[in-house]
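> Below is the structure I would like to discuss, written out as structure tokens.
Any read-out appearing in this document is the output of simple, stated calculations on the displayed coordinates, not a laboratory observation. Everything quoted here is computed from the prediction, not taken from an experiment. Ideal geometry is used to build each Cβ from the backbone, glycine not excepted, and the neighbour counts take in all protein chains shown.
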Amino acid sequence: MNWLSDHVRPRIQRLVGERKDTPDNLWTKCRSCDQMLFLMALEENLNVCTNCGHHHAMSVEERLNSLFDPGYQRLDMPELPADPLKFKDKKPYPARLREYQSRTGEKDAIVVASGQMGGSPVVIAAFNFAFMGGSMGRAVGEGLVRAADEALRLNASLLVIPASGGARMQEGILSLMQMPRSIIAVERMREARLPYIVLLTNPTTGGVTASFAMLGDLTLSEPDAVIGFAGRRVIEETIREQLPDDFQTAEYLQDHGMVDQVVSRLELRDRLVMLFSLLRNVPGSPATPGSGNQPAGEPDLPVMQEDEPNPSFDQV
Ligand SMILES: [Zn+2]
């Protein structure tokens, strides 16, 4: 025992302890402009940088809260046999699943919820990128099928919000089978003439882009989102050409006709409410007042009534 251990060390420990009591996560740095941002102000602004407008990632919970009217319900997802292929890389697939389940508090990479947006019934299926990169395996396919079924049951619109690295390799071919499966799910929406909108978020890649994510009645995207099938480097090495800087961004895809509209998160809810209202008020839609539940006809895209002004996207 001496002066150092009796007096100095406890005092240092006390000081360090006191400093830990004050939250060290009040501030965060913008990934785009390096500005220090007050975390609470950033969250209030839906994780959009108040300085440069960069859209930071947001949790599924924040996403649902920002879109739904107050009071939505999550749908229960079924338990699926965890490991059909007995897949093991650095650790067995079931152990990896359990790890992400405890880390995120979710069963898998998709959350389905039903509620209202602007008083109109909507089912939202939102990907959770924090869960194994939002990869699409059987649970995600099942979630998309359930979301479409629930929308049909409630005569509701469907909004799918992908954020995904693509197929889940641990489920091999079963993961790839979710591509046609998800297409059948959204095709049912089209047959019932109920609106189906996709909101692409950063990143939307691989098998997700190659299936339901490109089949919305309307395809919206958040600004700067990376959207593509194969990665940029793979394409460059294959075709041996330099790609433009903005290749695979939402804005590039809007210019080339694959995205209908890039919408700021701050305007997103109002825009979606308006678009769902337009799509639900077309002849033949079971949601149109007075039209009743008509049998499904040819799965054509809804057509605007001729006596209604055709809203241009520049105006909305
Ligand atoms: Zn910024």
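> Is there a residue being free of Cβ contacts under 8 Å to residues at least 40 places away in the same chain, more than 16 Å from the ligand (Cβ to nearest atom) and in a helix (DSSP H, G or I) anywhere in the stretch 66-76?
No, because not a single residue in the stretch 66-76 is free of Cβ contacts under 8 Å to residues at least 40 places away in the same chain, more than 16 Å from the ligand (Cβ to nearest atom) and in a helix (DSSP H, G or I).
> Determine if the stretch 209-217 includes at least one residue that is within 22 Å of VAL48 (Cα to Cα) and buried (at least 18 other Cβ atoms within 10 Å of the Cβ).
Looking through the stretch 209-217, none of the residues is within 22 Å of VAL48 (Cα to Cα) and buried (at least 18 other Cβ atoms within 10 Å of the Cβ).
> Also, quick follow-up: Out of the residues in the stretch 97-118 that are assigned to a strand (DSSP E or B), in contact with a Gly (Cβ under 9 Å, 6 or more places away or on another chain) and not aliphatic (A, V, I, L, M), which is farthest from SER135 (Cα to Cα)?
If we take residues in the stretch 97-118 being assigned to a strand (DSSP E or B), in contact with a Gly (Cβ under 9 Å, 6 or more places away or on another chain) and not aliphatic (A, V, I, L, M), then GLN116 is farthest from SER135 (Cα to Cα).
> Within the group GLY53, GLY119, which residue is within 16 Å of the ligand (Cβ to nearest atom), on the phi > 0 side of the Ramachandran plot and among the small types (Gly, Ala, Ser)?
None of the other options fit; the residue is GLY53.
> Then there's this: For ALA148, work out the one condition from (1) surrounded by fewer than 24 Cβ atoms within 10 Å (Cβ to Cβ); (2) among the aliphatic types (A, V, I, L, M); (3) assigned to a helix (DSSP H, G or I) it doesn't fulfil.
ALA148 satisfies every listed condition except (1).
> Restricting to the stretch 243-285, and then to whatever is in a strand (DSSP E or B) and not hydrophobic (A, V, I, L, M, F, W, C), can you tell me which residue is surrounded by the most Cβ atoms within 10 Å (Cβ to Cβ)?
Checked the stretch 243-285; the qualifying residue surrounded by the most Cβ atoms within 10 Å (Cβ to Cβ) is THR249.
> Looking only at the stretch 152-178, how many residues end up being part of a strand (DSSP E or B) and closer than 17 Å to SER221 by Cα?
Summing the residues that are part of a strand (DSSP E or B) and closer than 17 Å to SER221 by Cα in the stretch 152-178 gives 5.
> Picking from GLU62, GLU43, which residue would you name as being within 18 Å of the chain's Cα centre (by Cα), free of Cβ contacts under 8 Å to residues at least 24 places away in the same chain and within 16 Å of the ligand (Cβ to nearest atom)?
GLU43
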